[in-house]
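The next block holds one structure in the form of structure tokens; read it before the comments.
The values are calculated or read from the model by the stated rules, or taken from the named source; none is laboratory data. Values in this document were obtained by computation on a predicted structure and should not be read as measured data. Don't worry about glycine lacking a Cβ; one is built from the backbone with ideal geometry, like all the others, and counts go over all protein chains shown. With ligands, DNA and RNA removed, areas are computed over all heavy atoms of the protein, side chains included. Shrake-Rupley method; radii C 1.70, N 1.55, O 1.52, S 1.80 Å.
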Amino acid sequence: MVGASEDRMEKQDRLARVRREFDGTPLVLTSHEAVSWYLDGVRTHVSLSGPPVVAVRVEQGGDVLYIADNEVDRMIAEELLPEDAARIVRVPWWIPPAVAAAEHVGVSESESESESVSVSESVSESQAAPQLRAARARLLPAETARYRSLGRETAGALTDVLGRVGPEQTERAAAAVIAAELVARGIDPLVVLVSGSARVAYRHPLPTAGLLGDRAMVVVCGRRDGLIANATRWVGAPVDEEPILGVERAFLDASAPGARLDDVFAAGRAAYARFGFDADEWQRHHQGGPTGYAGRDPRATASTTDLLVENQAFAWNPTAPGVKVEDTMLRTATGWEVLTVDERWPSADYDGLRRPVTRTFGA
């Protein structure tokens, strides 16, 4: 991974600052978003729905990686930096790595005994959740490059697939091809939603045997190198999309470095009425928020007070009946960079930013 070692040094400094807030106590990373962020995008899973097979204990003397014994050799060969191998503790398969990291259970690479146990105090992710979100908010150069690549390929997969579908196809058939295109690009399809014209009222339309009909929505969340690209596309009959783009723009304009997330949320939800929607429309679906190593990190609400920073990724997704807009974007020093972009997809200029519009079938 180009630049990964340099990124790791910065991440170590960030977590050292977090640990200082807890009197230097060791910090245990156990979630996908924390572990994959810290270890430069490693695949932490076997089952997409299962817990990570690796946990990290961040201590004064250095990092210790607790990995399920039956996954260690593969991770050394395919996932980790060379220098990580010397800091691995092998964990028996019947002990969760998260438990082992918290309690010092396992066999280090230098030990010959079958098991060692040492219990000491540590700080859990739940105790340091706001600090950890802040630590990973500002994307570093290597992960930014990986995110750009992921965004382009996710958008490209949607363009390729949705140029081939027609109103006579089922939602499940479309979802199957979309998932296949993502997997072929090394992208894990964490979410694939499809709604045909009969189901556009549903905000999270799990695919069914229903037909796409004259208008359909596709939503994907694809993960590669730990990062998640989120995007929504529409195909079929066009509608007036300018009002929902106006709501999205309100979220974007408020998402400036130094702003507080609850204030951004308030600005976006107030825009619904201004652009002709029901003033309470925001209550019918979450509105998105910062993204990166989690689908939303965190999901914006009236009580999320995280401070926004430069080079932070966002996926706002305002929605109303029959309309929705969503892309993964990076807030840079000069403005917004859309990561999930494919120039082949039809778009329109809205307030200086190219935004996707409905693509007619067969176009």
**Asked** For the chain, what class follows from the C-alpha gyration tensor (a ≥ b ≥ c being the square roots of its eigenvalues): rounded when a/c is under 1.5, otherwise prolate if a/b is larger than b/c, else oblate?
**Response** prolate
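Would you mind classifying segment 122-259 by shape? Square roots of the alpha carbon gyration tensor eigenvalues, ordered a ≥ b ≥ c; an a/c under 1.5 is rounded, otherwise it is prolate if a/b is larger than b/c and oblate if not.
Working: a/c = 2.06, a/b = 1.60, b/c = 1.29.
It comes out prolate by the Cα gyration axes.
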**Asked** Which number comes out as Rg/Rh for segment 157-230 once both Rg and the Kirkwood Rh are worked out on C-alpha atoms?
**Response** 0.97
**Complete:** Magnitude of the Cβ-charge dipole (Lys and Arg +1, Asp and Glu -1) of segment 297-363 about the Cα centre, nearest 20 debye, reported as 260 debye
**Request:** Convert each backbone phi in segment 277-285 into a coupling constant with the Karplus relation 6.51 cos²θ - 1.76 cosθ + 1.60 (shift: θ = phi - 60°), then list the ³J(HN,Hα) values in order as whole Hz, x for Gly and Pro.
**Result:** 8, 4, 4, 9, 4, 4, 6, 8, 6
**Request:** Using the charge dipole of segment 211-298 (Lys, Arg: +1 at Cβ; Asp, Glu: -1 at Cβ; taken about the Cα centre), state which of P290, P238, I228 has its Cα farthest towards the positive end.
**Result:** I228
**Asked** Counting only residues 5 or more places away or on other chains, whose amide H sits under 5 Å from the amide H of T328 once H atoms are built in the peptide plane?
**Response** N230, L339, T340
**Fill in**
Relative contact order in percent for the chain (Cα pairs under 8 Å, 6+ apart) equals 15 percent
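Summing -39500 (n - 2.57) over the DSSP H runs of n ≥ 4 in the chain and dividing by its residue number, what mean residue ellipticity at 222 nm do you reach, to the nearest 500 deg cm²/dmol? Could the numbers behind the result be given before it?
On the way: 9 runs with 110 residues, N = 363.
Helix-only estimate at 222 nm: -9500 deg cm²/dmol.
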**Complete:** Applied in sequence order to segment 24-33, the curve 6.51 cos²θ - 1.76 cosθ + 1.60 (Karplus, θ = phi - 60°) yields integer Hz couplings, x standing for Gly and Pro, of x, 5, x, 10, 10, 9, 10, 8, 4, 5
**Asked** How much accessible surface area, in Å² rounded to 10, belongs to the heavy atoms of E103 with a 1.4 Å probe?
**Response** 80 Å²
**Fill in**
For the chain, the charge dipole (Cβ of Lys, Arg +1; Cβ of Asp, Glu -1; about the Cα centre) points to a positive end, and the Cα of T301, V338, M217 closest to that extreme belongs to M217
**Request:** Please determine, in degrees from 0 to 90 and to the nearest 10, the orientation of helix 141-162 with respect to the longest principal axis defined by the Cα atoms of the chain, where the helix direction is its Cα long axis.
**Result:** 40 degrees
**Cα gyration tensor category, rounded, prolate or oblate, for segment 256-363 with a/c compared to 1.5** = oblate
**Prompt:** Hey, got the dipole for the chain? About the Cα centre, +1 on K and R Cβ, -1 on D and E Cβ, debye to the nearest 20?
**Reply:** 1000 debye
**Request:** Working from Cα positions, state the angle (0 to 90°, nearest 10) between the long axis of helix 242-254 and the longest principal axis of the chain.
**Result:** 30 degrees
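Taking the Cα centre of segment 223-320 as origin and charging only Cβ (+1 Lys, Arg; -1 Asp, Glu), how large is the dipole, in debye to the nearest 20?
Details: 10 positive and 14 negative charges, 61 e Å.
In debye, rounded to 20, segment 223-320 gives about 300.
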**Prompt:** Sorting S36, S126 by accessible area (1.4 Å probe), largest first, what list results?
**Reply:** S126, S36
**Message:** If I model a spin label as a point 7 Å beyond the Cα along the Cα-Cβ vector, how far apart are those points for V191 and A129 in nm?
**Reply:** 1.8 nm
**Prompt:** When the gyration tensor of segment 208-291 is built from Cα positions, what are the square roots of 5 times its three eigenvalues, in whole Å, from largest to smallest?
**Reply:** 25, 20, 11
